[in-house]
Each structure stands twice: as structure tokens, then as C-alpha cells.
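The values are calculated or read from the model by the stated rules, or taken from the named source; none is laboratory data. Since the model is a prediction, treat every value here as computed from it, not as a measurement. Cβ placement follows ideal geometry from the backbone for every residue including glycine, while neighbour counts extend to all protein chains displayed. For the accessible areas, the whole protein counts, side chains as well, though only heavy atoms, and no ligand, DNA or RNA atoms are used. Shrake-Rupley method; radii C 1.70, N 1.55, O 1.52, S 1.80 Å.
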Amino acid sequence: MSLYVAEIDTTADSDIDSVLAKTAAAAAVNGGEFIESQVTANHNRIFAVLEHTDINALRHDLIAAGLKVDELASVRLIGAELEDIKKLKPAGQYLVEWDFPEGLTMDKYLARKAEKSPLYNDIEDVKFLRTYVREDMVKCLCFYDGESEDAVVAARQVVDTPISRLHKLEG
């Protein structure tokens, strides 16, 4: 089984619970599993993490369920254990998307992450939770708990890591 993130546009469907139920059901059609989801505070987007054997079958089943899938990509989980995510289904308060620069490789990213991550220990008002790195190296999704958007921005500055988009998540 591989891990995927589906970015689902919910602007046309305000019933978030229904969208999440459709997402979970679609993932299960061909033996997949709904791992977790994070919903933006404005309810315009869901970031759903799914485990599945076939990205094409997963895409088909999500679309067949009537979901508007903007992106579906294979990801690698960094900073947490998948079994813990499955058990706890932890929610974050903020999601940072970082669009990677051209030429960044997974090895370079992981080395940079190992070097910079200890710096989070010195930040009191923000807690890094986990990252999903797209295997195609287009971007990563980083989840945080923090006192404010400004605190998350400041934490990213401490670790010298850009922010392409910052989302407040539904609490």
C-alpha cells in the first residue's frame, strides 16, 4: 500500500461531513483506507490522506463518488509514524504548503529537514506535527499547532523554510 494526499475542492458542497464520508467510502472501494483529513477553516478544501494500492483506481473512485479532486499525489510521511496517525487521527491548527524549488531532490530535502527540525525545539508557541512530502517533489504539506498564523510564520523563519500557502484548519 502507498500513501496519497487528495486535495478536494469543497466550494460547491458545504456539507463537509458528507464529503468526508464520500472520501472514506471511495478509498475503501478497492481495499484502500482513509487515514486522516484536515479541513480548511473556510471549508473550501479538504486535504485527505489515503492509503491505497493504485493511484489510478483511487482517482477513479474519488471522482465517481462526485468529489472534485484538484490534486492526488503519492506522499511520504515525515516526523510521525503512520500507525500513530491511524490510531490518534490528530488534528492540526495550521497547514503550510511549500512549493519546492526546481532541482530539490528527496535526499536534499530530507537532509535539510534533519538539519533544521531540531530548531523547532526552541520555539515555544508552535509545535511541528508532521509533514507529507510529495514523491514527485512538487511540494510538501506541513502541519502545526500554534498560537496564531503569525507564530507559524515566525517558526518557519526560524527554520529558514518558505511558505507558499498558509491555511488555518478547522478546529
Next on the checklist: Helix-only mean residue ellipticity at 222 nm, the chain, DSSP H runs n ≥ 4 weighted -39,500 (n - 2.57), per residue, nearest 500. What is it?
Outcome noted: -9000 deg cm²/dmol
Item to check | Under the Karplus curve 6.51 cos²θ - 1.76 cosθ + 1.60, θ = phi - 60°, whole-Hz ³J(HN,Hα) for region 7-13, x wherever Gly or Pro sits | outcome: 9, 10, 7, 10, 4, 8, 9
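If you count, for each residue, the other Cβ atoms within 10 Å and average over each peptide, how do 46-54, 7-15 line up from highest to lowest?
46-54, 7-15
For Cα pairs less than 8 Å apart in space and 6+ apart in sequence, what is the mean separation divided by the residue count of region 10-164, i.e. the relative contact order in percent? Walk me through the intermediate numbers first.
Values: 218 pairs, mean separation 32.1, N = 155.
Result for region 10-164 is 21 percent.
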Item to check | Per residue, in Å², the accessible surface of region 25-171 once ligands and nucleic acids are set aside, probe 1.4 Å | outcome: 49
Next on the checklist: Quick query: amide H of residue 10 versus all other amide H atoms, modeled in the peptide plane; which residues come in under 5 Å with a sequence gap of 5 or more or a different chain?
Outcome noted: 45, 46
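Exceeding 21 Å between C-alpha atoms, which entries from my cross-link table qualify? They are 22/139; 139/168; 68/127.
Values: 22/139 26 Å; 139/168 18 Å; 68/127 31 Å.
Going by Cα-Cα distance, 22/139; 68/127 fall outside the 21 Å limit.
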Checklist outcome for this item: Karplus-derived 3J(HN,Hα) from phi for region 21-29 (6.51 cos²θ - 1.76 cosθ + 1.60, θ = phi - 60°), whole Hz, x at Gly and Pro, runs 5, 5, 5, 4, 5, 5, 5, 7, 3
Checklist entry - If one takes the longest principal axis of the Cα atoms in the chain, at what angle in degrees, from 0 to 90 and to the nearest 10, does the Cα axis of helix 149-158 lie? => result 60
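Report the full-extension gain for the segment residue 43 to residue 15: residue separation times 0.36 nm, less the Cα-Cα distance, to one decimal in nm. Let's see the in-between values first.
Working: separation 28, 0.36 × 28 = 10.08 nm, distance 0.91 nm.
Full-extension gain reported as 9.2 nm.
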